[in-house]
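The next block holds one structure in the form of structure tokens; read it before the comments.
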Amino acid sequence: MSAIWKRATLCIVCGLMVYPAGAPAQRRDRRAAVARPSPEPDAPIRSNVNLTILPVTVFDESTGRIVNGLQREQFTVLEDRKPQRIATFSADDAPCSIGLLFDNSGSMERKIESARVAMAHLVEVLNPEDEVFLMTFADRPEPPGEFTSDFADLQNTVLFAKPSGQTALIDALYQGVQQMRAARHPRRAIVVISDGGDNNSRYGSRELLDYAMEADVQIHALGVKPLPYGTFLLDAIASATGGLSITIDKLKALDDAMNTIGLALHNQYLIGYYPPEKPRGAKWRKVQVKVTPDDGRRRLRAYTRSGYFGPE
């Protein structure tokens with residue numbers, strides 16, 4: 001597959017600069033931003049005294065393809081570096097609630113056709129039971145559309161879009177996570193199509209990641225001929241939330257890229273375990289999932305979020 005995969009760790013995100021050198025930034029009063037809602041109780045990754053559920057996508061690193069058909073005993077779950085006993089395990093192809101975020105800023109002017117083709121490919125790999133909303137963004141996020149299963153309308157919305165203005169990528173992702181409150185399905189994800197630039201957001205990357213983790217929403221990123229610093233930003237956001245980050249430079253790579261994201265949306269393992277008791281105030285729990293190949297030769301990598309917020 002011609003997609004170039006890059007991942008970034010959560011610790012890098014903590015120091016990530018939203019406004020790189022040379023990019024004009026207009027910092028605004030945060031009180032003007034959309035109020036932060038509480039996370040949904042039925043989100044796909046959740047924790048209470050009973051059970052923690054993790055959605056996991058597995059890739060064969062030698063081929064770049066998603067791996068299905070693995071068994072419970074091939075997985076190891078670590079919380080704060082300590083092994084946990086897997087209590088529940090499933091690999092169902094369940095319907096998804098998906099947010100499509102489309103970059104329509106000025107930096108996309110020469111890439112807009114590739115972005116439209118990417119969106120068309122993604123729509124083709126969605127399941128009829130899925131529900132999707134679309135949001136475009138430039139200087140600011142446009143109001144998101146309602147969830148729909150009429151995917152043809154989504155393509156018509158961006159068909160005549162004319163790129164202009166600066167880029168509020170992080171604000172768009174933040175508002176996209178907020179829109180997930182209206183989702184019907186427990187499995188929820190955002191797919192953002194962008195070159196990764198951001199020079200006009202109110203929020204910072206740290207605020208976005210905290211909010212996305214609280215709401216248990218995965219963010220998948222498709223970088224269309226990304227700006228140098230754009231690749232880093234998209235990789236970091238996807239990595240921390242358990243999503244995929246794919247960079248494409250040529251149109252012929254789009255088909256494979258969107259097929260991969262489509263498979264990742266639907267072909268996940270759901271692993272549940274009972275979290276250990278932690279001292280009062282230990283809210284953040286670091287999580288890692290490892291997978292052992294059945295033949296001992298393949299290099300398999302499990303993608304899930306870097307952690308979760310435990311009960312108070």
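Filter the range 251-268 for residues that are over 22 Å from residue 69 (Cα atoms) and either polar (S, T, N, Q) or surrounded by fewer than 18 Cβ atoms within 10 Å (Cβ to Cβ) (or both); which is modelled with the lowest pLDDT? If we take residues in the range 251-268 being over 22 Å from residue 69 (Cα atoms) and either polar (S, T, N, Q) or surrounded by fewer than 18 Cβ atoms within 10 Å (Cβ to Cβ) (or both), then 251 is modelled with the lowest pLDDT.
Of all positions in the range 137-147, at least one carries a residue that is in a loop (DSSP other than H, G, I, E, B) and touching a residue at least 60 places away in the same chain (Cβ under 8 Å). Condition check for residue 160 on (1) aromatic (Phe, Trp, Tyr); (2) closer than 30 Å to residue 269 by Cα; (3) open to solvent by 30 Å² or more (accessible area, probe 1.4 Å): one failure, at (2). Picking from residues in the range 282-312 that are out of contact with any helix residue (DSSP H, G or I) (no Cβ under 7 Å at 6 or more places or on another chain) and basic (Lys, Arg), the one that is most open to solvent (accessible area, probe 1.4 Å) is 297. From the list 122, 154, 126, 100, the lone residue that is more than 25 Å from residue 270 (Cβ to Cβ), aliphatic (A, V, I, L, M) and in contact (Cβ under 8 Å) with a residue 40 or more places away in the chain is 154. Checked against the criterion of being crowded, with 20+ Cβ neighbours inside 10 Å, acidic (Asp, Glu) and at pLDDT below 90, the range 200-216 contains one or more residues that satisfy it.
Would you confirm whether or not the range 163-178 contains a residue that is of a type in the set (A, V, I, L, M, F, W, C) and either more than 22 Å from residue 245 (Cα to Cα) or open to solvent by 20 Å² or more (accessible area, probe 1.4 Å) (or both)? Checking the range 163-178: not a single residue is of a type in the set (A, V, I, L, M, F, W, C) and either more than 22 Å from residue 245 (Cα to Cα) or open to solvent by 20 Å² or more (accessible area, probe 1.4 Å) (or both). When residue 37 is tested against (1) under 21 Å from the mean Cα position of the chain (by Cα); (2) over 16 Å from residue 275 (Cβ atoms); (3) modelled with pLDDT of 90 or more, exactly one condition is not met: (3). When the range 237-260 is filtered for residues that are more than 10 Å from the chain's Cα centre (by Cα) and hydrophobic (A, V, I, L, M, F, W, C), the ones remaining, listed by number, are 246, 248, 251, 253, 254, 257, 258.
The values are calculated or read from the model by the stated rules, or taken from the named source; none is laboratory data. Quantities reported herein were computed from a predicted structural model and do not represent experimental measurements. With ideal geometry, Cβ positions are generated from the backbone for all residues, glycine too; neighbour counts draw on all protein chains shown. Areas reflect the complete protein model, heavy atoms only, side chains present, ligands, DNA and RNA absent. Shrake-Rupley method; radii C 1.70, N 1.55, O 1.52, S 1.80 Å.
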